[in-house]
Amino acid sequence: MTASSSISIAIVGSGGAGALTTVNLLLEAASAAGWHGLFTRTLGPQIRGGEAAGLLRLATHPVDCLPDQFDLIIGIDWLNAHRFGSEIKAGPQTLVISDPRGGEPPPMVTESGARVVEIEMKEIAKSISGGRPNMIALGIASRLLGFGVEQVFALIAKRLGGKGTSAMEASRAGIKAGFEAAKGVRFEAQLEKPVPGEVRRWLLSGNEAAALGAIRGGVRFAAAYPITPATEILEWLSPNLAKVGGVLLQAEDELAAINMIIGASYGGTPSLTATSGPGLSLMIEAIGLATAAEIPIVVIDVMRGGPSTGIPTKSEQTDLNIAIYGLHGDAPHLVLAPQSVSDSLFTTQWATYLAEALQSPAIVLSDQFMGQSRAAIERPADVAFIGARSVATSISGGYKRYAMAPGGISAMALPGMPGGQYTADGLTHTERGIPTSGAADHLAQLDKRRDKLERFNYGDHWASIEGTGDIAIVTWGSLTGAAREAAARAAADGLNVRLIAPRLLSPVQPERFAAALEGIARLLVVEQTHSGQFLRYLRAHYDLPAKTRALNRPGPLPITAGEIHRAIIDWR
Amino acid sequence: MSGPTTRHACKPGDYKSELKPIWCPGCGDYHVLMSFTRAFAQLGLPSENIAVVSGIGCSSRIPAYTNCYGFHGVHGRSLALAAGLKVTRPDLTVIVASGDGDGYSIGGNHFLHACRRNIDMTYVVMDNRIYGMTKGQPSPTTEPEFDTALTPGGTGVAPFHPLVVALASGANFIARCFSGAPNETADILAEAIRHPGFSFVEVLSPCVTFRPDEKDWKEMVRPASVPETSDQGKAARRLMTDDGFNIGILYRGHRPPLQPAIGGAGVELSELEKDFEL
């Protein structure tokens with residue numbers, strides 16, 4: 001039995017069975033003890049009674065992706081598990097704890113060669129007054145992972161403290177019974193002890209991280225229309241904006257939400273909305289207005305399976321095209337993508353800063369995987385990106401809102417400033433903002449809006465570029481973690497691999513990308529789309545090596561580090 | 001009206017920009033513009049503290065013809081844009097200008113929710129019962145038999161009743177004006193701006209190009225014969241039964257406007273991080 005640097009657990013149960021609560025408690029117990037972790041939910045669209053599984057990976061190092069396969073799978077019941085069985089990979093090394101009264105394990109378990117141990121979780125729970133099977137599962141998992149029962153009790157006391165003594169006693173009894181039931185169960189995988197001395201662990205989702213990043217970047221107004229899987233951003237912002245003197249307004253639809261933030265930003269308040277694909281589609285027209293009228297706004301799109309209603313609860317990277325190319329007319333704007341739960345904070349903050357500095361809309365492409373995963377991470381560092389737009393001062397007649405200023409960024413008058421009166425307009429306009437259909441004015445303003453974005457120095461944050469070698473993985477967004485892990489495994493095999501993951505998707509950075517490709521002979525493009533949107537984007541804007549391959553697949557199946565690693569190794 | 005209270009000695013001309021309107025000669029909207037500037041002068045509002053927000057259509061060109069801050073946005077969304085502005089800048093006087101196509105058709109949903117939300121702003125819809133800028137298609141207020149190229153022989157669809165909809169949706173002030181009476185319109189606009197909450201002012205504003213029949217409106221309008229009411233039941237009956245030509249303030253409600261607290265230093269950002277610390 002050798003300890004490894006990461007371990008993975010899946011707990012499966014029908015919706016409402018408490019599988020997700022159990023996994024969340026395990027994550028909290030582990031992070032309190034000093035491990036890093038990532039907790040992903042996989043569930044159907046039903047509010048209750050559907051399928052649900054909590055997927056947890058714990059490690060001694062930061063984790064940004066799921067494992068290739070799970071070390072431990074606990075099936076409280078297997079009721080609808082076949083619906084997402086393919087998302088939970090098992091193998092001969094996997095230990096499966098199954099309740100014989102919870103239905104048949106799905107083929108993904110029975111055909112994997114995994115060792116199955118039956119424990120009657122439901123029966124044990126029945127023997128405890130107020131007992132719940134998920135607490136039995138928590139006890140089992142705690143024992144197998146090597147957590148002390150007292151450690152888990154302490155956590156339960158903290159979490160369930162408000163639920164009354166009887167609920168607490170039932171939970172304690174359940175955990176203890178599970179702990180006893182797992183006695184003697186052989187479990188080979190063991191997690192190395194956490195690196196000592198680490199402090200200030202945070203537990204949060206990518207959606208929460210993005211929301212905090214927005215506030216750190218200066219956002220003080222948000223307009224909200226609920227949509228899965230972005231709603232948590234808005235729900236976190238509502239009370240927290242109020243604490244910092246800001247406000248959130250619920251909109252009647254996404255058309256209203258996007259226009260509300262344009263209005264607020266026109267008045268001088270950095271503003272944001274968050275949505276997913278269907279909402280982004282509705283917002284596109286007004287994002288074009290913000291481009292033309294040069295109003296800074298931030299739109300977070302937490303991507304889900306598409307097109308149309310698609311798969312609301314599962315991840316995909318298929319809004320790349322609409323985010324970059326969806327606007328009619330020549331409408332340059334910012335598109336950015338965070339690369340992990342932790343990076344959701346930085347990238348959203350940076351996006352807010354850039355939107356304000358460049359008086360441009362910024363679309364932040366997060367996804368369901370990142371947005372709804374909860375991670376135990378180190379506290380993200382404070383960064384100096386705080387939105388500050390160029391505001392007109394001491395206006396003395398003949399104010400030109402859209403003056404041909406150096407760098408294309410013209411000072412913005414805010415309502416209330418005497419002499420700055422102008423009409424912001426989606427119509428093609430002159431430097432003074434007056435509508436025109438003249439060719440010269442049209443060209444001048446198109447040049448201005450292009451130049452301000454293209455001439456800005458975005459610095460090293462534009463991409464993650466790591467490693468050396470003549471083979472590179474190019475990916476983006478939440479796949480960066482899996483690609484990074486694949487590169488590390490290849491390095492362990494003696495093959496150096498470079499990772500290139502742009503955080504800034506628009507405007508494109510041809511010189512920087514060319515420099516990143518220096519010495520690269522083979523390029524593997526990894527993305528979670530069916531049509532290869534990212535590869536097409538790269539081909540449109542950058543010179544790629546003749547030997548370029550794609551590893552792409554639509555959602556909801558995640559692309560694992562193992563698959564990327566194999567694609568690299570097989571290409572030798 | 002929660003805007004600045006400083007009274008300046010203002011003339012209507014102080015609120016006019018140098019731009020020449022694109023409207024057809026004889027368009028009712030010229031008079032609406034005149035009523036805007038007269039109302040602003042009457043209230044003594046500094047022009048830089050007024051924001052005029054609009055969508056798309058002939059009437060929506062009005063912001064740039066004033067010397068106020070303006071926003072000429074996308075079609076139908078002016079109320080939403082104005083809501084974001086007013087909530088974050090309660091110091092401003094916010095006027096939203098729209099037409100029957102922009103406001104009642106593409107922007108219909110926002111109309112309902114703006115009434116319901118009751119943010120302190122004044123919504124002026126210049127109703128000419130036609131899409132003018134696209135050369136004469138029926139709008140939600142066009143009569144069912146009105147013949148157009150798009151709907152030969154008429155739409156056969158009953159018109160929308162904006163004042164009734166406004167009342168049912170919670171508007172806090174409802175009035176009807178006629179563009180051909182700019183002084184009366186200015187007085188009502190000033191009253192609408194003063195009144196807290198969402199004020200809705202429908203202005204009958206003839207389209208002389210595509211609806212020459214509307215030149216007759218000046219003979220058809222009349223001051224409302226009953227005084228204004230704050231009783232929603234009475235107002236509903238009256239609005240349901242009027243023929244659309246009664247001019248005046250028809251309803252004045254007393255619902256408190258929505259204005260969330262904003263500004264102030266607030267807590268340190270590190271306070272927010274406590275949510276995430278173990």
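The values are calculated or read from the model by the stated rules, or taken from the named source; none is laboratory data. Just so you know, these numbers come straight off a predicted model, no measurement behind them. Don't worry about glycine lacking a Cβ; one is built from the backbone with ideal geometry, like all the others, and counts go over all protein chains shown.
How do the helices (runs of 4 or more DSSP H) wholly within the stretch A:249-337 filter down when requiring 1 or more residues that are surrounded by fewer than 21 Cβ atoms within 10 Å (Cβ to Cβ) and in the same structural domain as A:Ala222 (by TED's automatic domain parsing): which remain? Before you say what the answer is, go through the steps one by one.
Values: elements: A:254-266, A:277-293, A:320-325.
Correct list: A:277-293, A:320-325.
I'm trying to understand the selection: among the residues of the stretch A:235-269, which are under 24 Å from the mean Cα position of the chain (by Cα), in contact (Cβ under 8 Å) with a residue 12 or more places away in the chain and within 15 Å of A:Gly213 (Cα to Cα)?
Correct list: A:Trp236, A:Leu237, A:Ser238, A:Asn240, A:Leu241.
Filter the stretch A:375-422 for residues that are within 10 Å of another protein chain (Cβ to nearest Cβ) and touching a Lys or Arg at 6+ places or on another chain (Cβ under 6 Å); which is modelled with the highest pLDDT?
A:Tyr422
Has the stretch A:207-226 got any residue that is under 24 Å from A:Leu336 (Cα atoms), assigned to a loop (DSSP other than H, G, I, E, B) and more than 12 Å from chain B (Cβ to nearest Cβ)? Before you say what the answer is, go through the steps one by one.
Of all residues in the stretch A:207-226, those under 24 Å from A:Leu336 (Cα atoms) come to A:207-226.
With the extra rule that they be assigned to a loop (DSSP other than H, G, I, E, B), the set shrinks to A:217-220, A:225-226.
In the following step, the residues that additionally are more than 12 Å from chain B (Cβ to nearest Cβ) were identified as A:226.
Checked against the condition, which is being under 24 Å from A:Leu336 (Cα atoms), assigned to a loop (DSSP other than H, G, I, E, B) and more than 12 Å from chain B (Cβ to nearest Cβ), the stretch A:207-226 yields at least one hit.
Within the stretch B:229-262, can you find the residues that are in a loop (DSSP other than H, G, I, E, B) and within 20 Å of B:Met121 (Cα to Cα)? Explain how you work it out, then say what you get.
Here is the first cut: in the stretch B:229-262, the residues in a loop (DSSP other than H, G, I, E, B) are B:230-231, B:242-245, B:253-262.
Within the stretch B:229-262, B:Ser230, B:Gly253, B:His254, B:Arg255, B:Pro256, B:Pro257, B:Leu258, B:Gln259, B:Pro260, B:Ala261, B:Ile262 meet the criteria.
Among the residues of the stretch A:2-52, which ones are closer than 25 Å to A:Thr313 by Cα and of a type in the set (S, T, N, Q)?
A:Ser8, A:Ser14, A:Thr21, A:Thr22, A:Asn24, A:Thr40, A:Thr42, A:Gln46
Scan (1) over 30 Å from A:Glu294 (Cα atoms); (2) surrounded by 16 or more Cβ atoms within 10 Å (Cβ to Cβ) for the single condition A:Pro545 breaks and write down its number.
Condition (2) is where A:Pro545 drops out.
Only one residue in B:Phe111, B:Phe71 is farther than 16 Å from B:Ile130 by Cβ and either within 7 Å of another protein chain (Cβ to nearest Cβ) or free of Cβ contacts under 8 Å to residues at least 12 places away in the same chain (or both). Which one? Talk me through it step by step, then tell me what you get.
Values: B:Phe111 fails: either within 7 Å of another protein chain (Cβ to nearest Cβ) or free of Cβ contacts under 8 Å to residues at least 12 places away in the same chain (or both).
Exactly one of B:Phe111, B:Phe71 is farther than 16 Å from B:Ile130 by Cβ and either within 7 Å of another protein chain (Cβ to nearest Cβ) or free of Cβ contacts under 8 Å to residues at least 12 places away in the same chain (or both), namely B:Phe71.
Test B:Phe40 against the stated conditions and say whether it is more than 13 Å from chain A (Cβ to nearest Cβ), at pLDDT 95 or above, over 28 Å from A:Ile287 (Cβ atoms) and buried (at least 24 other Cβ atoms within 10 Å of the Cβ). Write out each step before concluding.
Values: more than 13 Å from chain A (Cβ to nearest Cβ): no; at pLDDT 95 or above: yes; over 28 Å from A:Ile287 (Cβ atoms): yes; buried (at least 24 other Cβ atoms within 10 Å of the Cβ): yes.
The answer is no for B:Phe40.
What residue, among those in the stretch A:319-372 that are within 23 Å of A:Ile559 (Cβ to Cβ) and of a type in the set (D, E, K, R), is farthest from the chain's Cα centre (by Cα)?
It comes out as A:Asp319.
Restricting to helices (runs of 4 or more DSSP H) lying wholly in the stretch A:93-181: which have 2 or more residues that are more than 30 Å from the chain's Cα centre (by Cα), within 18 Å of A:Trp78 (Cβ to Cβ) and touching a residue at least 24 places away in the same chain (Cβ under 8 Å)?
Those helices (runs of 4 or more DSSP H) span A:121-126, A:133-145.
Of everything in the stretch A:438-467, what is touching a strand residue (DSSP E or B) at 6+ places or on another chain (Cβ under 6 Å) and part of a loop (DSSP other than H, G, I, E, B)? Give them in sequence order. It would help to see each step written out before you state the result.
Start the filter on the stretch A:438-467 by keeping residues that are touching a strand residue (DSSP E or B) at 6+ places or on another chain (Cβ under 6 Å), which leaves A:458, A:462-467.
Those that are touching a strand residue (DSSP E or B) at 6+ places or on another chain (Cβ under 6 Å) and part of a loop (DSSP other than H, G, I, E, B): A:Tyr458, A:Gly467.
Within the stretch A:361-380, is even one residue in a loop (DSSP other than H, G, I, E, B) and either among the basic types (Lys, Arg) or without any contact (Cβ under 8 Å) to a residue 40 or more places away in the chain (or both)?
Pass one, the stretch A:361-380, residues in a loop (DSSP other than H, G, I, E, B): A:373, A:379-380.
Retained after the next criterion (residues that are either among the basic types (Lys, Arg) or without any contact (Cβ under 8 Å) to a residue 40 or more places away in the chain (or both)): A:379.
Looking through the stretch A:361-380, at least one residue is in a loop (DSSP other than H, G, I, E, B) and either among the basic types (Lys, Arg) or without any contact (Cβ under 8 Å) to a residue 40 or more places away in the chain (or both).
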